[in-house]
1. Computed FRET efficiency, Cβ-Cβ of His106 and Ser61, R0 25 Å: what is it to the nearest 0.05?
2. On full extension of the chain, what length is gained from Glu49 through Asp171, given 0.36 nm per residue of separation minus the C-alpha to C-alpha distance?
3. Per residue, how big is the convex hull of the range 58-164 when only Cα atoms are used? Give it in Å³.
4. Over 10 Å intervals from 0, what percent of Cα-Cα pairs in the range 15-103 sits in each interval?
5. Over the chain, with every protein chain in place, what whole percent of the accessible area is carbon and sulfur at 1.4 Å, could you tell me?
6. Tell me which aspartates and glutamates have Cα within less than 14 Å of Lys163's Cα, excluding those fewer than 8 residues away on the same chain?
7. Assuming R0 = 30 Å, what is the FRET efficiency of Asn38 and Glu115, from their Cβ-Cβ distance, to the nearest 0.05?
8. Per residue, how much accessible area does the chain have with a 1.4 Å probe, in Å²?
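The values are calculated or read from the model by the stated rules, or taken from the named source; none is laboratory data. Predicted model, so just to flag it, every value in this text is computed and none were measured. Here Cβ is always computed from backbone atoms with ideal geometry, including for glycine, and neighbour counts include all displayed protein chains. The protein model used for the area step is the full one, side chains on, heavy atoms only, and it has no ligands, DNA or RNA in it. Shrake-Rupley method; radii C 1.70, N 1.55, O 1.52, S 1.80 Å.
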Amino acid sequence: MLNIIIAGPPGSGKGTLAKLMIDKFGFVHLSTGDMLRNEIGLGSPLGKEVESILARGDLVSDQIVISLIANNVKANPGARGFLFDGFPRTLPQAEALDDFLEKTGHPLKLMIQLEVDDAVCEMRLLRRGGIENRPDDMDVERVRHRLATYYAQTVPIIDHYKKQGKFIAVDSSKTPEYTLNQVSECLKPIL
Ligand code: ADP
């Protein structure tokens with residue numbers, strides 16, 4: 001079983017790449033953003049709790065996303081591997097994921113960082129806000145707030161996985177297929 005994190009700033013193309021990788025390699029896609037939006041759509045107690053947090057572009061608590069991930073990993077015992085998208089986003093989340101995967105006997109293999117300039121991310125997010133009606137993508141202040149949150153809280157994870165020798169970065173400023181090709185080259189030796 002191969003466990004991989006897809007990371008990068010909001011708008012770097014994590015979700016798009018994840019979908020292409022699932023089609024190509026057959027991983028199970030675990031996106032904490034999708035899980036949280038699903039709860040909001042259902043109107044569940046959890047959805048009600050997190051709705052305004054997502055709309056503001058802040059992070060929900062580590063405890064909430066860690067348990068969402070743990071439940072979804074346990075619910076897919078036969079998976080060929082998991083693609084973690086939008087998780088971990090803080091150091092405590094990364095440490096929790098490391099511990100959790102160690103216990104399953106399939107430690108994390110790789111973190112793939114999607115690299116794009118902030119200006120490109122902003123443009124992509126604002127365009128998506130118009131198309132998908134996502135409140136957190138609707139205006140430039142909220143988009144910039146998410147990018148700032150990313151730098152403050154998520155960037156430290158890069159060093160965490162660099163130290164473990166599990167980090168690679170790929171250029172995600174071109175087409176999704178171009179990004180997929182680079183990732184496929186990196187995965188060849190380990191698949
Ligand atoms: P993006 O990468 O465009 O920010 P996501 O779908 O990954 O989109 O996340 C949307 C929102 O969901 C985040 O801004 C945050 O409020 C919440 N969220 C998603 N994943 C996490 C996480 N791992 N920890 C805390 N909050 C999260």
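1. Here the calculated transfer efficiency is 0.45.
2. 40.4 nm
3. Measuring per residue, one finds 125 Å³ for the Cα hull of the range 58-164.
4. 16, 47, 33, 5
5. C and S fraction of accessible area: 54 percent.
6. Correct list for Lys163: Glu95, Asp98.
7. Calculated transfer efficiency: 0.60.
8. Solvent-accessible surface per residue comes out at 49 Å².
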